[in-house]
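These notes concern the structure reproduced below.
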Amino acid sequence: MLRCTFDKCLHQDQDSNRLILHVNTEHLNKRGEKIKCFYKECHAYFTNLRILKNHIKTKHERENISDDYFLCCDIEDCQKKWIENLGSLIIHYYTHFGNEKELKCLFKSCNFVSSSKASYKSYMSRSHTQKSYMNLREALVMRYHNFNELNESTNIQNENHNQDQSNEMNSFQNGQVLNLINKQINCSVDIIGKTKNSIQEFASNCYLKYHDRLLIPKSHCNEIMEDMNTLINLQYQLIDNITKVMTTNTNQRESLLINCVPNYLKSNAEPLIFNKNSCFFSKSSEYLREKYFVEPKEIELVTNDTSYKYQYIPINLTLKALMAHPQFFKIYFEKIYKNNEDEIERFNDTHSFKNNPLYQNAKDAFQIILYLDEFETSNPLGDNRKKYKMYAVYFKIGNLPYKYQSKSHYIQLAMLFNPELIKIFGFDRVLEPLILDLQRLEVYGIDLEVANAGFINIRGTLCFVVADNLAANGIGGFTECFSNRVQQFCRFCTGTKIDISSNLFDSECIKRDRENYQKSLISLYEGNRKFEDGIKQDSCLNKLKFFHVVDGLAPDLMHDLLEGVIPLNFRLLLRQLYTDKAYNNDQFYNDFCNFPYGRIDRKNKVPIHLFVTNPISTGNSMTMSATHMWTLIRIFPLITGDKFKDNKYFINFISLIEIFNILNQNCFNEKLITNLEKKIAIYLKQFKILYPHQNITPKQHFLIHYGRAIRTFGPPKTYSTMRFEAKHSYFKRVNQATHNHINLTYSLAMRHQRLQLYHLSSINYFSTLEYGQLQKINPDLLDFIKILISDDNIWTYNSIVINSIEYRIDDIIIKTLNQSIPCFSKIISIVKTQKYKALFIVQDFKTIEFCQFKMGYILENIETICTIIEADLIANPFPLDLYSHNEKLNQNIVVPKYPVL
């Protein structure tokens, strides 16, 4: 019974709503005073009746109704005899519809009956807006002793059997019963211990996820974990309440069990959450740290009484942590089969691998790909410009299949330091810890414990280094200047400026090798020259036994083409079109503003505002990211191809796009490489004719060495720096979230290593499949899919992510290849069954032809029946957007981002 809380008022009522109405009418003159909650145990005060009503509804009437009462379902044959609150009872009651039964209203004095769930819900929401357990029918509200009687009545068939067991147990002495119970409990200690470890592991992963992946502040993470601990403690209280119910009217055996179980639970209910002043990460995830966590090692360099510190994550310990993960270990040793031994698909197929003594003697040796780059951690404007710049050294393991190398957590951090250290100490001093560990890895390897197989030893070395041209030349000991005063800047050949303008094939250049590299160093040390041939010092990487920089520094597609040759050529093309008055800046702006981007291309729309603030006719550079430039070279021919298909400048630009597309192939053979080298030579020759006042740039010269690079390192897309640079974004987000610039390298490195711990502690380190939202599908289509698949148990989704590639409804995929002609299809539905994890229901198009000046395939809509294909069996994994080509002929066009064949 609830009572009015105003002084000298004795009004009482069971219904809180009527009591609030009483306060509103009888105590109008006291409206400014605070009103205490009507529940005795609650000490909350309110100045507003509406807030008080909300409080009572959410904090009291939706909780368990009382320590002496509980709710139960009164439907026959229903096993739900313990319901915590009124909301749960109503939701449970709805589950009984569908069996053509008429169900009564839950509340007293209401004769409403319905067999329709919709009408029942509608009636409840209209007629019983104020719901209270006090108004429920008596059969729905039970006392604890009634609950025991109910259990006895439902189990009457087993009464005699239970009585026999009770008599038998009564023949034992109390001490014997306790010994039996304790023995059973002791047998369960291992199981309970494992459960506790699982709870701890889950809590640890949650903390790592919140703090180091989602970048939630530590104080907030502590509060979240404390809330989790409260939930667990509430569970223990619930168990205590259940045991209270069981103690009523039970025999001696049951009382002994009841006494033991709660005491054991209480003695083992160790709190998961830590004291606010303690460190959860170092305490609760200790067992994870020992296995997967690699702590950054602080290195100190001193010069002129000034100390500089930076972070190094030991590469050998990182490799051990990775190989300790069962899924990583399994995929590392999986054999990759090839259809054609003459094709180059990965580093294992190259000359460098076949001629490396280590890889020939140990096929499973680590193939370490090193990456170096500078990046800004904060806004590079004003006083902060270059102040918080970082130099990162990353690496990844090339042994893994290419599909397992795209996500950022597959890329490991090796070093993090201020770029000023390179200027002060040089690469030799800064990279010394890494070089020493790599030397140990080459000679001694690392020992790994394998279940049922003892220990195995795996050695490894650098297979190659990727970086932008400046960093690659710096780490290789070559000159870091590409201006006209430097004659020999190329790290692949010894050609001069004159040679570069005339040589169009790699075979025409004098290749750098270990012999002429060593001769240049000897000449340099003897003082006979001052690095006229482009070498200024020996590289620290040459200390390694199985690596040398002359055949270990790979070119990069992103810097050479997307941020080099392509923007240069595009700027020159537009200037020429503007000069010839065939095109202008306004037309260019309007064409791109009005272009209907598809779902995939919309992610990297061309930043057209840049062409307004910095018109092509006046600007000397294009400040555009590589991803935006990639979108531009796919969309520009689609927009202007019909207009400029006979323009020689446009044709030259299209030939450059073709070269870029070929370089993005998944595999190469000698015929394709030779064809590529010819295309590059033709493009450069035509470029010099069309733009006689423009010199061949260093990045244009690097193009002629790509054929040799493919033979040496493999397909260029497998070592593009684009995925490595995406790794920078995490450190930028950490810096933005923490605003902490004290010992910044330590903060960033530690956060990164905790993030890696989070991923490694997951069972699915290589999460290859992620389902989106369930799809609301037309019933007729659903029936058709069931017939098509011959399975009634199916789930349909709006999207799915497979190997980091997202597919959605209405995306275009390349279903098959028919005599080198791609067959395109539109995704109608994404289906999962018990047998198949991912199926595409597709509608096919007819491929008409490849349009050269639009760089896309023209498709025709045809009336075909939907077909089905497994997601793993499609010819090309990258989805595409569909654009209109010719509405009169009912034709569309798709522009592939990657080569189809």
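The values are calculated or read from the model by the stated rules, or taken from the named source; none is laboratory data. Here the structure is a predicted model, which means the values were calculated and not measured. Note: ideal-geometry Cβ built from the backbone for every residue, glycine included; neighbour counts use all protein chains shown. To get the accessible areas, we keep the full protein, side chains included, count just its heavy atoms, and leave off ligands, DNA and RNA. Shrake-Rupley method; radii C 1.70, N 1.55, O 1.52, S 1.80 Å.
Just report the Cα centroid separation between region 645-716 and region 869-901, whole Å.
Cα centroid to Cα centroid, the span is 25 Å.
Taking 8 Å as the Cα distance limit and 6 or more residues as the minimum spacing, I'd like the relative contact order of region 769-894 as a percentage.
Result for region 769-894 is 21 percent.
Could you state the number of Å between the C-alpha centres of region 533-575 and region 744-793?
Comparing the Cα centres of region 744-793 and region 533-575, I get a distance of 37 Å.
With every protein chain left in place, what is the accessible area per residue of region 628-718 in square angstrom, probe 1.4 Å? It would help to have the intermediate numbers written out before the result.
Working: 3240 Å² over 91 residues.
With all protein chains present, region 628-718 gives 36 Å² per residue.
Can you list residues whose amide H is under 5 Å from Leu2's amide H, if they're 5+ apart or on another chain and H is modeled 1.01 Å from N?
The answer is Asp13, Gln14.
Of the peptides 750-759, 677-686, how do they stack up when ordered by the mean number of other Cβ atoms within 10 Å, highest first?
Packing proxy ranking, top to bottom: 750-759, 677-686.
Once ligands and nucleic acids are excluded and a 1.4 Å probe is used, how much of Ser307 is accessible, expressed in Å² to the nearest 10?
Spelled out: Ser307, probe radius 1.4 Å, area about 60 Å².
Taking R0 as 51 Å, what's the FRET efficiency between Lys53 and Ser790 from their Cβ-Cβ distance, rounded to 0.05?
Working from the Cβ atoms, E equals 0.35.
Given a Förster distance of 56 Å, report the FRET efficiency between Ser219 and Asn669 from their Cβ-Cβ distance, rounded to the nearest 0.05.
E between Ser219 and Asn669, to the nearest 0.05, is 0.45.
If you take all C-alpha pairs in region 769-894, what percent of them are over 19 Å apart?
Cα-Cα pairs in region 769-894 separated by more than 19 Å: 49 percent.
Sticking to Cα atoms, compute the Rg of region 565-696 to one decimal and its Dmax as the biggest Cα-Cα distance, whole number, in Å.
Considering region 565-696 through its Cα atoms, Rg and Dmax are 15.4, 46 Å.
Multiply the residue gap between Ile331 and Lys837 by 0.36 nm, knock off their C-alpha separation, and tell me the result in nm, one decimal place.
Gain in length upon complete extension: 180.2 nm.
For region 565-696, with all protein chains present and a 1.4 Å probe, just round the carbon and sulfur fraction of the accessible area to a whole percent. Walk me through the intermediate numbers first.
Values: 3070 of 6070 Å².
Roughly 51 percent, rounded to a whole number.
Alpha carbons only, please: Rg and Dmax for region 2-60, in angstrom.
When restricted to the Cα atoms of region 2-60, Rg and Dmax are 10.3, 28 Å.
Could you tell me the relative contact order of region 2-60? Use alpha-carbon pairs under 8 Å, at least six residues apart, and round to a whole percent.
With pairs under 8 Å counted, the relative contact order is 29 percent.
Using r as the Cβ-Cβ distance of Asn24 and Arg126, and R0 as 25 Å, what FRET efficiency do you calculate, to the nearest 0.05?
That gives a FRET efficiency of 0.60.
What pairs in Lys815/Lys835; Lys291/Lys815; Lys291/Lys363 have C-alpha atoms more than 31 Å from each other?
From Lys815/Lys835; Lys291/Lys815; Lys291/Lys363, over 31 Å: Lys291/Lys815.
Hey, any idea what % of region 769-894's accessible area is carbon plus sulfur with a 1.4 Å probe?
Here carbon and sulfur together make up 48 percent of the probe-accessible area.
For the residue pair Thr867 and Ile232, what label-to-label distance in nm results when each label sits 7 Å from Cα along the Cα-to-beta-carbon direction?
5.4 nm
When only alpha-carbon atoms count, how far does region 497-650 stretch along each of its three principal axes, as whole angstroms with the largest first?
If we take the Cα atoms of region 497-650, the spans are 63, 35, 29 Å.
For Arg571 paired with Arg733, estimate the spin-label separation in nm (one decimal), with each label point 7 Å from Cα along the Cα-to-Cβ line.
It works out to 3.3 nm between the two label points.
Run the simple label-point estimate for Ala139 and Tyr402 please: 7 Å along Cα→C-beta, distance reported in nm.
That separation, rounded to one decimal, is 6.9 nm.
Taking loop as defined by DSSP and a crowding limit of 12 other beta carbons within 10 Å, which GluC sites (Glu not before Pro) in region 468-545 fit?
Filter output for region 468-545: Glu526.
Using the structure shown, list the pairs from Lys786/Lys837; Lys545/Lys699; Lys330/Lys403; Lys688/Lys854 with a Cα-Cα distance above 19 Å, or answer none.
Lys545/Lys699; Lys688/Lys854
Filter the cross-link list Lys389/Lys423; Lys53/Lys104; Lys335/Lys832; Lys717/Lys897 down to pairs whose alpha-carbon distance in this structure exceeds 18 Å.
In this structure, Lys53/Lys104; Lys335/Lys832 exceed 18 Å between Cα atoms.
Multiply the residue gap between Thr579 and Leu470 by 0.36 nm, knock off their C-alpha separation, and tell me the result in nm, one decimal place.
Working it through step by step, the gained length comes to 35.8 nm.
Of the accessible area of region 382-477, with the probe set at 1.4 angstrom, what percent is carbon plus sulfur?
C and S fraction of accessible area: 47 percent.
Which trypsin sites (Lys or Arg not before Pro) in region 815-858 sit in a loop by DSSP (not H, G, I, E or B) and have at most 10 other Cβ atoms within 10 Å of their own Cβ?
Within region 815-858, the qualifying trypsin sites (Lys or Arg not before Pro) (loop, at most 10 other Cβ atoms within 10 Å) are Lys835.
Of Ile802, Thr867, His885, whose Cα points farthest to the positive end of the dipole of region 774-892 (charges on the beta-carbon: +1 Lys, Arg; -1 Asp, Glu; origin at the Cα centre)?
Looking along the dipole axis, the top candidate is Ile802.
Could you order peptides 13-19, 426-432 by the average number of other Cβ atoms within 10 Å of their residues, highest first?
Ranking the peptides 13-19, 426-432 by packing returns 426-432, 13-19.
Is region 831-901 best put as rounded, prolate or oblate by its Cα gyration tensor, with a ≥ b ≥ c the root eigenvalues, rounded for a/c under 1.5, and otherwise prolate when a/b is larger than b/c, oblate when not?
Because a/c hits 1.5 or more and a/b fails to exceed b/c, region 831-901 counts as oblate.
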